[in-house]
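Just below is one structure, and these are the notes that go with it.
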Amino acid sequence: MPITGQILTGFRSINQLQSKALLSVTQTVGLSVPNNASTLVTFTSAVIDTHSGYNTGTSAYTVKVAGWYWYTGCIHWATNTTGFRYTQLLVNAAASTMMISSVSPGGTTPSSLVSGPVFLNVGDVVTTNGLQNSGGALLTFVNASFQSSWSLEWLRI
Amino acid sequence: MTSNLGFLNFTRYNFYDNKPILHVEQTVAQSVPNTTATAITYTTVVVDNYAGYSSPSYTVKVAGWYRVYGCIHYVSNTTGSRWIRANVNSSGISSTIIGTAAPTGICSCVMGSLVPLQVGDVVKLESSQTSGGALSTQVGSGYNSWFGMEFIRCP
């Protein structure tokens, strides 16, 4: 490749690194999650959304740059010792079998967190779901010390 | 123009080849009081390329978005719950907290979150537990708690 091409390629790569897609959203209002039903969790506060892909009305992120992303999702649950709780990544409404994490809620305010890489294409719609089987509807927990959140960080093509 | 572009790329590449990263581990057990948010001491430095760490805190040298992650292991005690979170400039960050019920055996709390930081910000991990009394962290036998930070991108 000519030197000019190498420099331009390098410049584009640096630009990608310096301006890579980043999303971080938090939940500021608790959500009532029905018993034993995977439910879209609402996160209405966007802390950072570099590529304006997040819709606070639908709590969904539409991917603007294809590539591998690091996903982290965490849900805090109200105190209830029955059953289990989980957090799960969905892409285009399909539940990820890898990005799911389940906890047993033995104490106060249990948290279910899942984190890992996922490949996303432009236009993919990303959401975070939660499920609990306490026997009835259960609130996600929000206060000054606990805010559920999820994030996406572009890693590479 | 071609050579100037090359020089700028080299400078920026140098930064991303050596962006701030921290990883420290706890190798000395610590007693955490009951129901008290306590700064966790990680005294073994694995990597700290910008020399920002002095236990238990990291002073930010480059502004930007960071991934702050960490884990604390507690010795076996089945009472109550445990949590861990990031603390920036003496304020706990509510969007980073992770809580778990105390299981049978060693209890681990793991957190990881994106945090915007300015130069001079002081970052640490803090934890609390509700076992009813002071509780020791678990060190050894395959368990070392850890704290890390990774620069992600400019503000």
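Using only the alpha-carbon atoms of chain B, report the extent along each of the three principal axes, biggest first, to the nearest angstrom.
Each principal axis gives a Cα extent; for chain B these are 68, 30, 22 Å.
At 7 Å along the Cα-to-beta-carbon direction for both residue A:94 and residue B:76, put a label point, then send me their distance in nm to one decimal.
With each label point 7 Å from Cα toward Cβ, the separation is 4.4 nm.
Once Lys and Arg get +1 and Asp and Glu get -1 on their Cβ, which of B:100, B:139, B:62 lies farthest toward the positive end of the dipole of chain B?
B:62
Can you list residues from other chains, or at least 5 along the same chain, whose modelled amide H is less than 5 Å from the amide H of residue B:32?
B:135, B:136, B:137
When only the heavy atoms of the protein chains count and the probe is 1.4 Å, how do A:153, B:150 rank by accessible area, highest first?
Details: A:153 5, B:150 50 Å².
Listed by decreasing accessible area, they come as B:150, A:153.
For chain B, report the accessible area per residue in Å² (1.4 Å probe, heavy atoms, rounded to an integer).
Value for chain B: 41 Å² per residue.
Given +1 on the Cβ of Lys and Arg, -1 on the Cβ of Asp and Glu, and no further charges, what dipole in debye does the protein assembly as shown carry about its Cα centre, rounded to the nearest 20?
260
Suppose R0 equals 30 Å; then what is the FRET efficiency for residue B:143 and residue B:17 from their Cβ-Cβ distance, rounded to the nearest 0.05?
Once the sixth-power term is evaluated, E becomes 0.35.
Just to confirm a number: summing +1 for Lys and Arg and -1 for Asp and Glu over residues other than residue A:62 whose beta-carbon lies under 11 angstrom from that of residue A:62, what do you get?
Within the 11 Å Cβ shell, the charges total -1.
Taking all protein chains as present, what is the carbon and sulfur share of the accessible area of region A:21-157, in % to the nearest whole number, probe 1.4 Å?
Exposed carbon and sulfur together represent 57 percent of the surface.
Could you go through region A:102-111 in sequence order and give the Karplus-derived ³J(HN,Hα) for each residue, using 6.51 cos²θ - 1.76 cosθ + 1.60 with θ = phi - 60°, rounded to whole Hz, and x for Gly and Pro?
These are the phi-based 3J(HN,Hα) values: 10, 10, 9, x, x, x, 7, 6, x, 10 Hz.
The values are calculated or read from the model by the stated rules, or taken from the named source; none is laboratory data. Only a predicted model underlies this, so the values are computations on that prediction, with no experimental measurement involved. No Cβ is skipped: glycine too gets one built from the backbone with ideal geometry, and neighbour counts run over all protein chains shown. Side chains are part of the model used for accessible areas, which takes the heavy atoms of the whole protein and leaves out ligands, DNA and RNA. Shrake-Rupley method; radii C 1.70, N 1.55, O 1.52, S 1.80 Å.
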